[in-house]
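Enquirer: Submitted below is the structure of interest, expressed as structure tokens.
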């Protein structure tokens, strides 16, 4: 263990020396809500970020969709495969993952993002290393904005959590937008209008 | 109400017609206008170059000369901004405070103090309004394009009632012209490039006349335009406002 | 002419490139406007962000201690570095202790500032920057020219050439999708083989010890979750009080930076992966001193969005390299003189003080106000050359005396009017290089006035 205690004391002392007049911490922000149906707004923003959105009305419809359109995908929603997935799989095998299906905890309408954390995947690398990420979301689990989102998380983050908004992208080459920089090249969100949690 | 007329140094020396137009306009509006001839400068050129300390004597003179007036009006957004904002380094006596609070740029004086906006102007031309930065963001003469607030513009309010006028829309409605005081001398390449870009914008959108609240911006733009033989006229806002039937 | 002015003149020589640079960054600024317009309480949000940051700076020591406590409880190791050198040493130690040799790094302006890459490379450690833009300039051996879009100054033809040379891509293929795919393939192996992943920190939450990193590419996460050892480097000013405060900043950051509602990935790291290590290095490098400077303290509110650069008409026309500092543009120009006032004394003058930067800053730093302040402070500290000092002194005297002022004005006008053009428009006349001097009127306003109104009549004698 590095001995950085001296530096720690030096830094803290230096800060204390500046004797700044106290400034009040503002009350948590109360944001005006944007008008409109949250699901519609979410869908709009998701598409803007380059994601795809499919809506289903029942668990049957969802399963049929997954069977037909995402055949061969690695389904890691809370199920047997999730439980048995080695939590620290060989990276080369992870690298070979093509389509992965996860469950999202909730979506944020103002930016089309979805929150997932350690409880949604057996391995943290999965959502980034796969080629295509499919996230199942309950339409009733869409909040308006980031203020509501963080209230919802309420400090109950597992060791890692992430808001994902669209597929990975870059504009670093002359401002041309390209999807699939390093993370998933494609993001599909399936919104269920019936609760998908058993 | 006694108005002290403050004529910026470069208008005094090179564009007296702007001072004359300002004085005439204020008198047409029924005001008692005085021009204290011992005035020199607001001190901005020195302060912007980092020589605030050398400018203090000039600041004090300004306060002394103008403190007797109810309002001090000037055809210059940047000079007025300088007095209102940067004279904060002087000890804030009653005199200093009075001068700082009551120094106004011409357009804001007409709109906010005289509370009028119809100057019976006749000006049948296509006009491009250059929104000088100090007036725009410093004096809040209008909403800058980057601020997300309800839109207003005191300058446009006065101009749009002019008979025959067509105010053109620009591609970049409030980009800086590049004058910036001594910036124009010490960063000449960027300064001129910015000016050329502004002129191109006005030309693309058909301006016959370019106007602004600051003659310094216009002096810089006109300098480039004349060197390039561009066909466009430059008039300070006071000159347009004074083209009236009052 | 100053350092920035010279470099800017060079930048402008390539007219086409300069015009492209200006137009492209203006478009990013317009995208920001559209996004901001879409948020019903955008200006209130900015005010909130400003206050949260101001508050945090006023209690920074408390929040840093709180953050450290939670981070350690979560299972992270926390280190403190008072200088750039110390940061580099700590990173090096961690690498050596773990016998690591394959290092990946995602964007961190802090490590750029501290010179981490050259430090490690000198000690034989290869470090790969994984942001596409950062990788491009790393291969090209150039510094970044923008803090968010570091390769904005480079054309796709140059990138194609570079990738062909360094990554064996197809010669002459300038398709951005192909080039990005090439980089993806090349870096993928690096991620999988990585032993140490280094990241920057956008926000550090005191309330729970979380480190938050925002990316569009996903490269921070690829590195952090693949490599057994993760190291997060943060400046002391990055700490914010509560998780809920993140809502304010995440709503402002991407909208201000690139005109997106949020970055693709907003990752919250609290603990290491099973069997892994998580290190957080808290860095000072002059920041605690800056807190003590009341005029400039607010510059520490910066969340490194780059909006000030996109809106700055001078930055757009001079490019980031003209600022010769790790962070360019308006914010760079107020941070740099604190780091070295002699080397960067030109930067506060590389501005027309238009004020647009302050208006777009999501945390409401009064950037143009600080630029003005720096001009005064630098001049007093002796940044003025003896010539400039002399000129200012003389000017000060002239402007303070109405008689001297009148006389000087008369002389200037006479010279412009009567001296031959070749004498006036020479090399010394910088104004006159591309501009005409104003036409000289018959008389000054004062002369006109004194002629037409009796002495004492209207000149203020009541």
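Enquirer: Scan the stretch C:263-291 residue by residue and report those that are over 25 Å from residue C:60 (Cα atoms) and in contact (Cβ under 8 Å) with a residue 24 or more places away in the chain.
Expert: C:263, C:264, C:265, C:272, C:273, C:275, C:276, C:277
Enquirer: Of all the residues that make up the stretch C:425-449, how many are in a helix (DSSP H, G or I) and surrounded by 16 or more Cβ atoms within 10 Å (Cβ to Cβ)?
Expert: Residues of the stretch C:425-449 in a helix (DSSP H, G or I): C:431-433, C:445-449.
Okay, now just the ones that are also surrounded by 16 or more Cβ atoms within 10 Å (Cβ to Cβ), so C:431-432, C:445-449.
Number satisfying all stated conditions: 7.
Enquirer: Among the listed residues C:132, C:116, which satisfies the condition of being farther than 16 Å from residue C:232 by Cα and within 27 Å of the chain's Cα centre (by Cα)? Give the steps one after another, and end with the answer.
Expert: Details: C:116 fails: farther than 16 Å from residue C:232 by Cα.
Result: C:132 is the single residue among C:132, C:116 that is farther than 16 Å from residue C:232 by Cα and within 27 Å of the chain's Cα centre (by Cα).
Enquirer: Let me ask something else about it. So is residue A:81 within 14 Å of another protein chain (Cβ to nearest Cβ) and either part of a helix (DSSP H, G or I) or touching a helix residue (DSSP H, G or I) at 6+ places or on another chain (Cβ under 8 Å) (or both) or not?
Expert: Numbers: within 14 Å of another protein chain (Cβ to nearest Cβ): no; either part of a helix (DSSP H, G or I) or touching a helix residue (DSSP H, G or I) at 6+ places or on another chain (Cβ under 8 Å) (or both): yes.
No.
Enquirer: Now for a separate question. Going through C:223, C:218 one at a time, which residue ends up being touching a helix residue (DSSP H, G or I) at 6+ places or on another chain (Cβ under 7 Å) and more than 7 Å from every other protein chain (Cβ to nearest Cβ)? Break it down into steps so the answer makes sense when it comes.
Expert: Working: C:218 fails: more than 7 Å from every other protein chain (Cβ to nearest Cβ).
The unique qualifying residue is C:223.
Enquirer: Right, something else. Can you name the number of the only condition in (1) more than 8 Å from chain B (Cβ to nearest Cβ); (2) under 26 Å from residue B:11 (Cα atoms); (3) in a helix (DSSP H, G or I) that residue C:409 fails?
Expert: Failing condition for residue C:409: (1).
Enquirer: Another one. Does residue C:115 satisfy the criteria of being in contact with a helix residue (DSSP H, G or I) (Cβ under 7 Å, 6 or more places away or on another chain) and on the phi > 0 side of the Ramachandran plot?
Expert: On the way: in contact with a helix residue (DSSP H, G or I) (Cβ under 7 Å, 6 or more places away or on another chain): yes; on the phi > 0 side of the Ramachandran plot: yes.
Here the answer is yes, as residue C:115 does meet what is asked.
Enquirer: For residue C:169, state whether it is more than 9 Å from every other protein chain (Cβ to nearest Cβ) and surrounded by fewer than 24 Cβ atoms within 10 Å (Cβ to Cβ). Write out each step before concluding.
Expert: Details: more than 9 Å from every other protein chain (Cβ to nearest Cβ): yes; surrounded by fewer than 24 Cβ atoms within 10 Å (Cβ to Cβ): yes.
Yes; evaluated as a whole, the condition is true for this residue.
Enquirer: Now for a separate question. Of all the residues that make up the stretch C:146-160, how many are more than 7 Å from every other protein chain (Cβ to nearest Cβ) and surrounded by fewer than 16 Cβ atoms within 10 Å (Cβ to Cβ)?
Expert: Quick first cut of the stretch C:146-160, residues more than 7 Å from every other protein chain (Cβ to nearest Cβ) only: C:146-148, C:150, C:152-154, C:157-158, C:160.
Restricting the remaining residues to those that are surrounded by fewer than 16 Cβ atoms within 10 Å (Cβ to Cβ) gives C:157-158.
Residues in the stretch C:146-160 being more than 7 Å from every other protein chain (Cβ to nearest Cβ) and surrounded by fewer than 16 Cβ atoms within 10 Å (Cβ to Cβ): 2 in total.
Enquirer: If you don't mind, another one. Kindly indicate whether any position in the stretch C:30-44 is more than 8 Å from chain A (Cβ to nearest Cβ), closer than 18 Å to residue B:187 by Cα, out of contact with any helix residue (DSSP H, G or I) (no Cβ under 7 Å at 6 or more places or on another chain) and crowded, with 16+ Cβ neighbours inside 10 Å.
Expert: no
Enquirer: Say whether the condition of being over 23 Å from the mean Cα position of the chain (by Cα) and either more than 9 Å from chain A (Cβ to nearest Cβ) or more than 15 Å from residue C:238 (Cα to Cα) (or both) is met by at least one residue in the stretch C:104-112.
Expert: Taking the stretch C:104-112 and keeping what is over 23 Å from the mean Cα position of the chain (by Cα), we get C:104.
Narrowing further to those that are either more than 9 Å from chain A (Cβ to nearest Cβ) or more than 15 Å from residue C:238 (Cα to Cα) (or both): C:104.
Looking through the stretch C:104-112, at least one residue is over 23 Å from the mean Cα position of the chain (by Cα) and either more than 9 Å from chain A (Cβ to nearest Cβ) or more than 15 Å from residue C:238 (Cα to Cα) (or both).
Enquirer: Now for a different question. Please note which helices (runs of 4 or more DSSP H) are completely contained in the stretch A:1-69 and include at least 2 residues that are touching a strand residue (DSSP E or B) at 6+ places or on another chain (Cβ under 7 Å) and within 12 Å of chain C (Cβ to nearest Cβ). It would help to see each step written out before you state the result.
Expert: Values: elements: A:5-17, A:38-48, A:59-69.
Hits in the stretch A:1-69: A:5-17, A:38-48.
Enquirer: Can you name the condition, by its number, that residue C:417 falls short on among (1) part of a helix (DSSP H, G or I); (2) within 9 Å of another protein chain (Cβ to nearest Cβ); (3) closer than 18 Å to residue B:219 by Cα?
Expert: Only one criterion is unmet by residue C:417, namely (2).
Enquirer: Can you name the condition, by its number, that residue A:191 falls short on among (1) outside any strand (DSSP E or B); (2) closer than 24 Å to residue A:55 by Cα?
Expert: (1)
Enquirer: Still on this structure, I have one more. Quick one: would you say residue C:266 is in a strand (DSSP E or B), buried (at least 24 other Cβ atoms within 10 Å of the Cβ), under 22 Å from the mean Cα position of the chain (by Cα) and at the interface with another protein chain (Cβ under 8 Å from one of its Cβ atoms)?
Expert: On the way: in a strand (DSSP E or B): yes; buried (at least 24 other Cβ atoms within 10 Å of the Cβ): yes; under 22 Å from the mean Cα position of the chain (by Cα): yes; at the interface with another protein chain (Cβ under 8 Å from one of its Cβ atoms): yes.
Considered against the rule, which asks whether it is in a strand (DSSP E or B), buried (at least 24 other Cβ atoms within 10 Å of the Cβ), under 22 Å from the mean Cα position of the chain (by Cα) and at the interface with another protein chain (Cβ under 8 Å from one of its Cβ atoms), residue C:266 comes out as yes.
Enquirer: Still on this model: Residues that are at negative phi, modelled with pLDDT of 95 or more and buried (at least 24 other Cβ atoms within 10 Å of the Cβ), at least 3 per element: which helices (runs of 4 or more DSSP H) completely within the stretch B:110-216 meet that? Let's see the steps before the verdict.
Expert: Values: elements: B:154-159, B:183-186, B:188-204.
It comes to B:188-204.
Enquirer: Would you say residue A:160 is more than 24 Å from residue A:192 (Cα to Cα), surrounded by fewer than 24 Cβ atoms within 10 Å (Cβ to Cβ) and under 11 Å from the mean Cα position of the chain (by Cα)? Give the steps one after another, and end with the answer.
Expert: Details: more than 24 Å from residue A:192 (Cα to Cα): yes; surrounded by fewer than 24 Cβ atoms within 10 Å (Cβ to Cβ): yes; under 11 Å from the mean Cα position of the chain (by Cα): yes.
Against the criterion (more than 24 Å from residue A:192 (Cα to Cα), surrounded by fewer than 24 Cβ atoms within 10 Å (Cβ to Cβ) and under 11 Å from the mean Cα position of the chain (by Cα)), residue A:160 qualifies.
Enquirer: Of the residues that sit in the stretch C:64-75 and are in contact with a strand residue (DSSP E or B) (Cβ under 7 Å, 6 or more places away or on another chain) and more than 10 Å from every other protein chain (Cβ to nearest Cβ), which one is nearest to residue A:160 (Cα to Cα)?
Expert: C:71
Enquirer: Do we find that residue C:181 is touching a residue at least 24 places away in the same chain (Cβ under 8 Å) and either buried (at least 17 other Cβ atoms within 10 Å of the Cβ) or out of contact with any strand residue (DSSP E or B) (no Cβ under 7 Å at 6 or more places or on another chain) (or both) in this structure?
Expert: When the stated conditions are applied, residue C:181 does not pass them.
Enquirer: Could you list all residues from the stretch B:17-43 that are over 18 Å from residue B:69 (Cβ atoms) and surrounded by 23 or more Cβ atoms within 10 Å (Cβ to Cβ)?
Expert: Taking the stretch B:17-43 as the starting set, the residues that turn out to be over 18 Å from residue B:69 (Cβ atoms) are B:17-18, B:20-21, B:24, B:28, B:43.
Within the stretch B:17-43, B:18, B:43 meet the criteria.
Enquirer: While we're looking at this one, here's another question. Can you name the residue in the stretch C:77-103 that is free of Cβ contacts under 8 Å to residues at least 60 places away in the same chain and more than 10 Å from chain A (Cβ to nearest Cβ) and, of all such residues, is surrounded by the most Cβ atoms within 10 Å (Cβ to Cβ)?
Expert: Across the stretch C:77-103, the extreme among qualifying residues is C:88.
Enquirer: Could you grab the pairs with beta carbons closer than 6 Å, sequence gap of 6+ or different chains, first residue in the stretch C:116-145 and away from chain A (no Cβ under 14 Å), second one in a helix (DSSP H, G or I)?
Expert: C:116/C:88; C:119/C:88; C:127/C:117; C:127/C:120
Residue-by-condition table, conditions (1) surrounded by fewer than 19 Cβ atoms within 10 Å (Cβ to Cβ); (2) part of a helix (DSSP H, G or I); (3) more than 14 Å from the chain's Cα centre (by Cα); (4) within 12 Å of chain C (Cβ to nearest Cβ):
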residue: B:13; (1), (2), (3), (4): no, yes, yes, yes
residue: B:55; (1), (2), (3), (4): no, yes, yes, yes
residue: B:78; (1), (2), (3), (4): no, yes, no, yes
residue: B:98; (1), (2), (3), (4): yes, yes, yes, no
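Enquirer: If you don't mind, there's one more thing I want to ask. Check whether at least one residue in the stretch C:230-239 is in contact with a strand residue (DSSP E or B) (Cβ under 8 Å, 6 or more places away or on another chain) and within 7 Å of chain A (Cβ to nearest Cβ), and report yes or no.
Expert: Let us first name the residues in the stretch C:230-239 that are in contact with a strand residue (DSSP E or B) (Cβ under 8 Å, 6 or more places away or on another chain), namely C:230-236, C:238-239.
Add one more test, that the residue is within 7 Å of chain A (Cβ to nearest Cβ), and what stays is C:236.
So far as the stretch C:230-239 goes, yes, one or more of its residues are in contact with a strand residue (DSSP E or B) (Cβ under 8 Å, 6 or more places away or on another chain) and within 7 Å of chain A (Cβ to nearest Cβ).
Enquirer: If you don't mind, another one. Taking residue C:283 and the conditions (1) at the interface with chain A (Cβ under 10 Å from one of its Cβ atoms); (2) farther than 29 Å from residue C:85 by Cα; (3) crowded, with 23+ Cβ neighbours inside 10 Å, which numbered condition does it fall short on, given that it satisfies the others?
Expert: Of the numbered conditions (1) at the interface with chain A (Cβ under 10 Å from one of its Cβ atoms); (2) farther than 29 Å from residue C:85 by Cα; (3) crowded, with 23+ Cβ neighbours inside 10 Å, the odd one out for residue C:283 is (2).
Enquirer: Looking only at the stretch B:1-11, filter to residues that are in contact with a strand residue (DSSP E or B) (Cβ under 6 Å, 6 or more places away or on another chain) and either more than 8 Å from chain C (Cβ to nearest Cβ) or surrounded by 22 or more Cβ atoms within 10 Å (Cβ to Cβ) (or both); which one of those is nearest to residue B:79 (Cα to Cα)? Lay out the reasoning, then the answer.
Expert: Step one: filter the stretch B:1-11 for residues in contact with a strand residue (DSSP E or B) (Cβ under 6 Å, 6 or more places away or on another chain), giving B:2-6.
Applying the additional criterion that residues be either more than 8 Å from chain C (Cβ to nearest Cβ) or surrounded by 22 or more Cβ atoms within 10 Å (Cβ to Cβ) (or both) yields B:3-6.
On the way: B:3: 17, B:4: 14, B:5: 13, B:6: 9 Å.
That would be B:6.
Enquirer: Looking at C:100, C:76, which one is farther than 20 Å from residue C:203 by Cβ and modelled with pLDDT of 95 or more?
Expert: Working: C:76 fails: farther than 20 Å from residue C:203 by Cβ.
Sole residue among the options that is farther than 20 Å from residue C:203 by Cβ and modelled with pLDDT of 95 or more: C:100.
The values are calculated or read from the model by the stated rules, or taken from the named source; none is laboratory data. Remember, predicted model here, so these are calculated numbers, not experimental data. Here the Cβ is made from the backbone with ideal geometry for all residues, glycine too, and neighbour counts use every protein chain on show.
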